[in-house]
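Only one structure is covered here, and it is reproduced in the block below.
The values are calculated or read from the model by the stated rules, or taken from the named source; none is laboratory data. From a predicted model like this one, the values you see are computed outputs, not experimental measurements. As a convention, Cβ positions derive from the backbone with ideal geometry for all residues, glycine included, and neighbour counts pool all protein chains shown.
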Amino acid sequence: MKRNLPAVFVIAFLGCADLAADQTINDPARIEIYVTPYYNSKGPVIDVGRFSSGLAAKGESEFVATISKMQQSWDALNFPETYVAAIRLYDLGFRKESIYWFYSAQYRGRLLATLIDQEKMGSMGDPGFELVQAQNAFQQLVGPYINGYAFGDIDQLIPIIERVQREGKAVPDLTKIYPNVTFKKKSEWDAGNKGLNEGLTKLLMTLKDQKASIKQQRIERGMEAKFSKLPSKELQKGSGP
């Protein structure tokens, strides 16, 4: 049955707006979004903790140095930090690298949403509730840009997703990353993460089987013309986590 899955399934699985979304992308080279209180593209204004000023830096050297510091703390990064880094990498031209950060951020955000104790996450204004809403917003708003670029080269995208899947097999200590959030019992974490991780296997199968169909849909919807000419520059060697 996998061969009959429509290409749009790929985007639906990711939890992002699909390729025909109404979200207006005025400039495909710059991600124009606002997710309170973490990110506002006007400025940009960034509030994700200790890396905020470096991520907002106008100078490339300061920004790259900040990315390097974040990579040294890779296992402890929360999903808002990782999403904002993905956005800034994309805007500053490191677009291939931004794909890896985006999918890593998405995995981390969905892991939080999967393992949070929903009976104790509270409501508007409570940390758990606000984080779940933020991860939904980041997925839906950032996805059309980075996927718009990433799906233009599926052969490049597949190994990136495979890498995120491998790294996602080990569950980090979420209580340290999100100290104000109440999670399910740790005995339930591995099972929850396994389901999330296996979802990437389905995504990878679909990408491999539907490559031509995805390409055709991109052309028909104008995505290929909009994103295919965007350049990407390499991040410094040795900068991987």
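Overview of values
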| item | result |
| --- | --- |
| Qualifying residues in the range 185-198 (those that are crowded, with 17+ Cβ neighbours inside 10 Å and not aliphatic (A, V, I, L, M)) - the one nearest to ASP155 (Cα to Cα) | ASN197 |
| Positions within the range 43-74 being in contact with a helix residue (DSSP H, G or I) (Cβ under 7 Å, 6 or more places away or on another chain) and assigned to a strand (DSSP E or B), in sequence order | ILE46 |
| From ASP27, ASP75, residue being surrounded by fewer than 14 Cβ atoms within 10 Å (Cβ to Cβ) and closer than 30 Å to ARG218 by Cβ | ASP27 |
| Qualifying residues in the range 209-241 (those that are among the charged types (D, E, K, R) and farther than 30 Å from ASN26 by Cα) - the one surrounded by the most Cβ atoms within 10 Å (Cβ to Cβ) | ASP209 |
| 3 or more residues touching a residue at least 24 places away in the same chain (Cβ under 8 Å) and touching a strand residue (DSSP E or B) at 6+ places or on another chain (Cβ under 7 Å): qualifying helices (runs of 4 or more DSSP H) within the range 113-223 | 127-150 |
| Failed item in (1) modelled with pLDDT under 95; (2) of a type outside the set (Gly, Ala, Ser); (3) farther than 27 Å from ILE158 by Cα, with ILE46 passing the rest | (1) |
